[in-house]
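The values are calculated or read from the model by the stated rules, or taken from the named source; none is laboratory data. Computed from a predicted structure; not experimentally measured. Here the Cβ positions follow ideal geometry from the backbone for every residue, glycine too, while neighbour counts run over all protein chains shown. In case anyone asks, the SASA skips ligands and DNA or RNA and just uses the protein heavy atoms, side chains included. Shrake-Rupley method; radii C 1.70, N 1.55, O 1.52, S 1.80 Å.
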Amino acid sequence: MEQLKIIGGTPLTGEVRISGAKNAVLPILAATLLVPGETIIDNVPRLRDVHTFIKVLNAMGAKAAFTGEHQVTVDATDITNPEAPYELVKTMRASILVLGPLLARFGQGRVSLPGGCAIGARPVDQHIKGMQALGAHINIHEGYIEARGKLRGARFIMDVTTVTGTENLLMAAVLAEGTTILDAAACEPEVSDLAHCLNAMGAKISGIGTTTLTIEGVRALKPARYATLPDRIETGTHLIAAAITGGEITTRHTRADLLEAVLEKLEAAGALVERGPDYIRLDQRGRPLHAVSIRTAPFPAFPTDMQAQIMALNTVAQGTATVIETIFENRFMHVPELARMGADIAIEGHTATVRGVAKLSGAPVMATDLRASACLVLAALAAEGETTIDRIYHLDRGYDAIEKKLGAVGANIRRVRAEESL
Ligand code: EPU
């Protein structure tokens with residue numbers, strides 16, 4: 001098992017190249033199942049979840065592999081086994097995204113039901129109801145969702161705004177007969193990126209970026225080459241790394257419009273933020289950090305995937321902040337770990353009240369999920385002394401070479417095997 005060892009206290013300075021977005025590339029990989037022939041995806045981050053998704057595709061008979069440092073090619077001409085098995089789904093919930101495309105192209109698909117996870121129960125009822133609205137017959141059998149049927153366009157109003165639910169239904173609808181209207185759809189940038197990719201393959205989706213998506217079914221799609229949009233969460237995480245250490249970082253190959261809600265909070269916290277055409281620069285040198293309250297909500301509001309990181313910032317800011325989590329019911333697992341480093345945080349229901357302290361101190365801590373891990377890295381960068389973060393496999397699911405990127409801007413961070421630390 002690997003760990004990260006971080007000695008805090010150094011202001012970070014320099015440039016970081018932002019990778020493609022995890023949560024955009026996963027649905028785009030699923031979308032390759034809609035098309036016979038070779039789809040090429042560029043700007044693909046090298047993440048554990050991407051490797052797992054490639055395994056899911058290959059287990060079905062596709063030929064998927066990295067064909068460049070940041071390029072994946074998928075040939076989904078022959079799909080012999082339209083199924084995502086439990087062994088893979090249990091390691092990555094996003095595998096559920098194959099159900100929509102399998103049903104659309106082959107009239108059948110079988111995917112293990114994902115269970116709950118560290119951040120909440122995370123049901124998939126909206127995925128299922130939406131597919132039923134399109135005419136699919138769904139059976140839950142031995143822990144698997146089995147879907148069958150020829151899909152017809154329909155109107156579906158989601159009860160809950162769901163990102164992967166919207167993506168799954170978009171992919172189901174592109175080959176359905178007639179027109180589908182998805183209402184109360186998620187409008188996260190990653191949903192739009194998938195929709196643009198599907199249109200590049202010949203789909204007819206309009207209303208992209210809004211909560212009403214209209215999909216005119218087409219008979220077939222054609223292979224395309226598509227570059228994934230930048231990762232807004234990786235961008236925000238690195239900007240907070242500069243803010244929390246009183247440093248200055250330029251994130252490159254990214255876009256400010258993907259994370260305005262986060263940038264505005266960082267400005268309210270006292271940072272100087274410069275928005276360029278393909279970069280964002282944050283300067284916190286000589287500027288005190290002020291506590292900032294946030295409430296997570298669907299895009300364009302403050303993202304739940306940045307909640308843990310802004311919490312880390314608040315632990316060492318001047319004043320008191322409230323952090324309200326409205327998307328997931330159990331996304332405060334980082335709080336007891338931050339407390340081990342000296343943070344002052346009280347939780348009541350979905351609200352955490354964070355009172356800034358003068359200093360955090362390094363401690364052994366445990367990562368519990370992806371963004372909680374990122375929060376602990378940030379706290380460790382600001383803390384006095386050494387922090388050891390255990391279970392960093394969570395971090396590797398969503399951050400491409402984080403210790404290399406942070407090391408290059410001056411962080412004292414290294415990856416070790418657990419034995420070395422004994
Ligand atoms: N929900 C339902 N029924 C459904 C689907 C969702 O009740 O059928 C609920 C969930 O339980 C949750 C809320 O709706 O309370 C929103 O969940 P959503 O479905 O939008 O989340 P997701 O699609 O499973 C994606 C990202 C998450 C991110 C959320 C919210 C991917 C692969 N994952 O998950 O990313 O937090 O949207 O923006 O796109 C991460 O990257 O660390 C991560 C967890």
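Subtracting the Cα-Cα distance from 0.36 nm times the residue separation, let me have the gained length for HIS51 to ASP125 in nm, one decimal.
On the way: separation 74, 0.36 × 74 = 26.64 nm, distance 2.67 nm.
So the extension gain works out to 24.0 nm.
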Label-to-label distance, nm, for residues given as THR13 and PHE106 (7 Å Cα→Cβ offset): 5.6 nm
Against the longest principal axis of the chain, how steep is helix 189-200, in degrees 0 to 90 to the nearest 10, with axes from Cα atoms? 30 degrees
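At 222 nm, what helix-only mean residue ellipticity would the chain give, in deg cm²/dmol to the nearest 500, using -39500 (n - 2.57) for each DSSP H run of four or more? All intermediate terms of the calculation are to be shown ahead of the outcome.
Working: 14 runs with 130 residues, N = 422.
The helix contribution divided over the chain gives -9000 deg cm²/dmol.
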Whole-percent carbon and sulfur share, accessible surface of segment 22-227, 1.4 Å: 51 percent
Provide the gained length on full extension for the span ALA65 to ARG225, in nm with one decimal, where the gain is 0.36 nm per separating residue minus the Cα-Cα distance. 56.1 nm
Most positive-pole-ward Cα, ALA64, VAL292, THR245, against dipole of the chain from beta carbon charges: ALA64
Pairs from LYS63/LYS150; LYS265/LYS405; LYS204/LYS265; LYS204/LYS404; LYS5/LYS90 whose Cα-Cα separation, in the structure shown, is over 30 Å: LYS204/LYS265; LYS204/LYS404
Per residue, how much accessible area does the chain show when a 1.4 Å probe rolls over the protein heavy atoms, in square angstrom? 38 Å²
Within segment 29-48, list the residues whose amide N lies under 15 Å from a label point set 7 Å along Cα→Cβ of ALA408. 44-46
Go through 369-376, 90-97 and give me the packing order, highest mean Cβ count within 10 Å leading. 369-376, 90-97
Considering only C-alpha atoms, what is the centroid distance from segment 286-342 to segment 119-147, in Å? 33 Å
